[in-house]
Amino acid sequence: MHRPGVIPLRPLTLGDIFGGALSTMRRNPEATLGMSVVVMGVVLLPSLLISLGLGALTRLSPEDISLVGIFLPSLLSIFATLALSGFIIYVVSEAALGDKVGLGQTWAAVRGRIPALVGVTLLATLALLVIAGVVLAPTLVLAAAVGEVAGVLLVVLGMVALVVLMVWVGVRLALASAPVVLERTGPLRGIGRSWSLTSGGQFWRVLGILLLSQLLASIFASVVATPVQLLFTGLTATATDDLAVMSTGLVVVQHLVQFVTSVIVTPFTAGVTALLYLDQRIRREGLDLRMQQAALQRAGTRTPR
């Protein structure tokens, strides 16, 4: 089977997808890890300064400042992950054809697609919020109208239905960023492409692979974060009992952990998403044949004459 880059050009297995994502990171460290360092640094440095400045500029307690230091970087990293996903999707598509790209080339290729990526994210978020409102509003109204036991049961059933529905819709929209970058579609067209590519029996395959990649990412984040936080807690407990000092240290540690884990995790999960997109197009549209032709043409231009 022809394999010009990080994946064989045929329907992909789980090993192909995970291995391809990792190989892309290894072969293109500047455009994956380097881009992650730049983007996460740009986002988390202001977050750190804001979190530290709250103690001097406000009357928030050390406990409240610690909570801000925990949630603010997580919130801002969502936007960083959005931008990084678009960049990594491009890098993976080039790596699949056997090409390596640098940070500058990646930025030049993807920067014009950032507004569309934002649009996709906003539309997907809006869709999930609408679903939550449609399910929860009548559930709560009915729960208030019936007895206490029946109301609790109704709320539980409503929450279960909401989780199932949001997971289903989330998976159907999970590949929307890839066509926005690689096919240069608009947000609505990107959502439509993702919806069609995840239809039928392939939904369960996409769901399983996405869940497994997120599980691996969560395990890695826990392995990095837990020892660091425990070590920090132990050291500060023996060094000082000043809550302000402990709060400041916790904010710094939280941002550091968020930075390290995001730099590694985001290129991997974005790579998995990009390869799932390519895999679905290979299975449904015969994209592997066009990719083989493109790879051969590129190989010809790279061969010295």
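What follows is calculated from the coordinates using simple rules that are stated; it is not laboratory data. Since the model is a prediction, treat every value here as computed from it, not as a measurement. Heads up, the Cβs are rebuilt from the backbone with ideal geometry, glycines too, and the neighbour counts pull from every protein chain shown.
Tabulated values for the structure
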{"item": "GNM result for the chain, Cα springs below 10 Å: residue of GLY208, GLY53, GLY102 fluctuating most strongly", "result": "GLY53"}
{"item": "Charged-residue dipole, Cβ positions (Lys, Arg, Asp, Glu), segment 158-305 about Cα centre, Debye nearest 20", "result": "1060 debye"}
{"item": "Span-rule helices in the chain, defined as complete DSSP H runs reaching 27 Å or more along the axis (Cα) with Kyte mean at least -0.5", "result": "35-57, 62-96, 114-145, 148-172, 202-239, 243-285"}
{"item": "Projected label distance in nm at ARG10 and ARG205, using a 7 Å step from Cα toward the beta-carbon", "result": "1.4 nm"}
{"item": "Charge dipole magnitude, Cβ of K and R +1, D and E -1 - the chain, Cα centre, debye nearest 20", "result": "1540 debye"}
{"item": "Fully extended contour minus Cα-Cα distance, from ARG298 to VAL42, at 0.36 nm per residue", "result": "88.7 nm"}
{"item": "Label point distance in nm, ARG27-ALA145, each placed 7 Å from Cα along Cα→Cβ", "result": "6.0 nm"}
{"item": "Chain lengthening between ARG3 and ARG283 when straightened (0.36 nm per residue, less Cα-Cα)", "result": "99.1 nm"}
{"item": "Radius 12 Å from Cβ of SER194, net charge of other residues (Lys, Arg +1; Asp, Glu -1)", "result": "+3"}
{"item": "Peptides 33-42, 254-263 ordered by average Cβ neighbours within 10 Å, highest first", "result": "254-263, 33-42"}
{"item": "Kirkwood hydrodynamic radius of segment 145-233, from inverse mean 1/r over distinct Cα pairs, in Å", "result": "16.2 Å"}
{"item": "Nearest-0.05 FRET efficiency for LEU215 and ARG184, computed from C-beta distance (R0 30 Å)", "result": "0.40"}
{"item": "Share of Cα-Cα pairs in the chain lying beyond 25 Å, as whole percent", "result": "58 percent"}
{"item": "Relative contact order, percent, the chain [alpha-carbon distance under 8 Å, six or more residues apart]", "result": "32 percent"}
{"item": "Among ALA132, VAL260, MET35 - extreme Cα towards positive end, dipole of the chain, charges at beta-carbon", "result": "MET35"}
{"item": "Gaussian network model of the chain, springs between alpha carbon atoms under 10 Å - residue of LEU250, LEU153, LEU52 with greatest fluctuation", "result": "LEU153"}
{"item": "GNM flexibility winner over the chain from ALA95, ALA217, ALA161 (Cα, springs under 10 Å)", "result": "ALA161"}
{"item": "Value at 222 nm in deg cm²/dmol, rounded to 500, when DSSP H runs of n ≥ 4 in the chain each add -39,500 (n - 2.57)", "result": "-29000 deg cm²/dmol"}
